[in-house]
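Scroll down for the structure; my scribbles are underneath it.
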Amino acid sequence: MKIDIISVVPELLDGPFSHSILKRAKEKGLLEVNVYNLRKFTEYKHGQIDDYQFGGGAGMVMMPEPLANAIETLQKDTTYDEVIYMTPDGERFKQQTANLLSLKNNILIICGHYKGIDDRIRQHFVTREISIGDYVLSGGELAAAVVTDAIGRLIPGVLNDETSALTDSFQDDLLAPPVYTRPADFRDWKVPEILLCGDPKKIGEWRHEQSLLRTKERRPDLLS
Ligand code: 6GU
């Protein structure tokens, strides 16, 4: 899978994909992430990419030409399955969306800044608008990193048995159960006995029960 990202602060995306699971995904050739600087696609002076909004009001808006130029330039080499705009007024990002996107071949992500992008770009190029939660970030980059991470780890072949996504929280609309490792007794705080019993069926039942309990307590909205 290839994920291309258009950003005005590409430096923000230098780190997130160079470690751990996403790093391995890239090394295995399963994931390619490219970050493009929007300012390279503007024909305005001084790399200008934003302007005052029509109708007045505080805050700049990202102009349509640099964005259209960037998108169309990238589209010459790649057919995108989705052109995603990261925006706080988008559809809330969920595991289900990550699952779906992890099966695509090519994704283009546009990171917004300031008051957002000219709406004509949303109408004519964007196929999906995503928000990662009900709060406002100063730009779409960190949100794009979140989405790329969530998708990237689900690409077939990226995770092994140890890191399997099947038992993640949310994968079945339940939170994950508590987990423990050695030592079985730490400061007289003991691991639940049942985890040491060696009976996979009993352990599976206990974990499911714990998942339900946790979900009831912390996220009752997931059960309804
Ligand atoms: Cl995708 N962008 C920004 N700027 N803020 C957000 C967001 C995205 N998702 C939640 N807050």
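What to note about this one:
- In plain terms, the C-alpha convex hull of region 135-201 casts an average shadow of 7.9 nm² when viewed from every direction.
- Summing Lys and Arg as +1 and Asp and Glu as -1 over all other residues whose Cβ lies under 10 Å from the Cβ of residue 178 gives a net charge of +2.
- Mean residue ellipticity at 222 nm, helices only, the chain: -9000 deg cm²/dmol; runs of at least 4 DSSP H residues each add -39,500 (n - 2.57), and the sum is divided by the number of residues.
- Looking at the chain, the accessible area is 60 square angstrom per residue; that uses a 1.4 Å probe and ignores ligands, DNA and RNA.
- Gyration tensor over the Cα atoms of the chain: the corresponding equivalent ellipsoid has semi-axes (square roots of 5 times the eigenvalues, largest first) of 41, 20, 15 Å.
- Restricting the chymotrypsin sites (Phe, Trp or Tyr not before Pro) of region 132-214 to loop positions (DSSP other than H, G, I, E, B) with no more than 14 neighbouring Cβ atoms within 10 Å leaves 135, 180.
- Length gained when the stretch residue 2-residue 213 is fully extended (0.36 nm per residue, less Cα-Cα span): 72.1 nm
- Couplings for region 131-145, taken from phi via the Karplus curve 6.51 cos²θ - 1.76 cosθ + 1.60 with θ = phi - 60°, read 10, 9, x, 8, 7, 10, 9, 6, x, x, 4, 5, 5, 5, 5 Hz in order; Gly and Pro are left as x.
- Potential lengthening of the chain between residue 73 and residue 179 amounts to 33.4 nm, from the contour at 0.36 nm per residue minus the alpha-carbon distance.
- Based on Cα contacts under 8 Å between residues 6+ apart, region 167-223 shows a relative contact order of 42 percent.
- Relative contact order (%) - criterion: Cα under 8 Å, at least six apart; region: the chain: 21 percent
- For the chain, DSSP calls about 20 percent of its internal beta bridges antiparallel.
The values are calculated or read from the model by the stated rules, or taken from the named source; none is laboratory data. This structure is a prediction, so every number in the text was calculated from the model and none was measured. Neighbour counts run over all protein chains shown; Cβ positions are idealised from the backbone, glycine included. When the accessible area is computed, the model is the full protein with side chains, heavy atoms only, and any ligands, DNA or RNA have been set aside. Shrake-Rupley method; radii C 1.70, N 1.55, O 1.52, S 1.80 Å.
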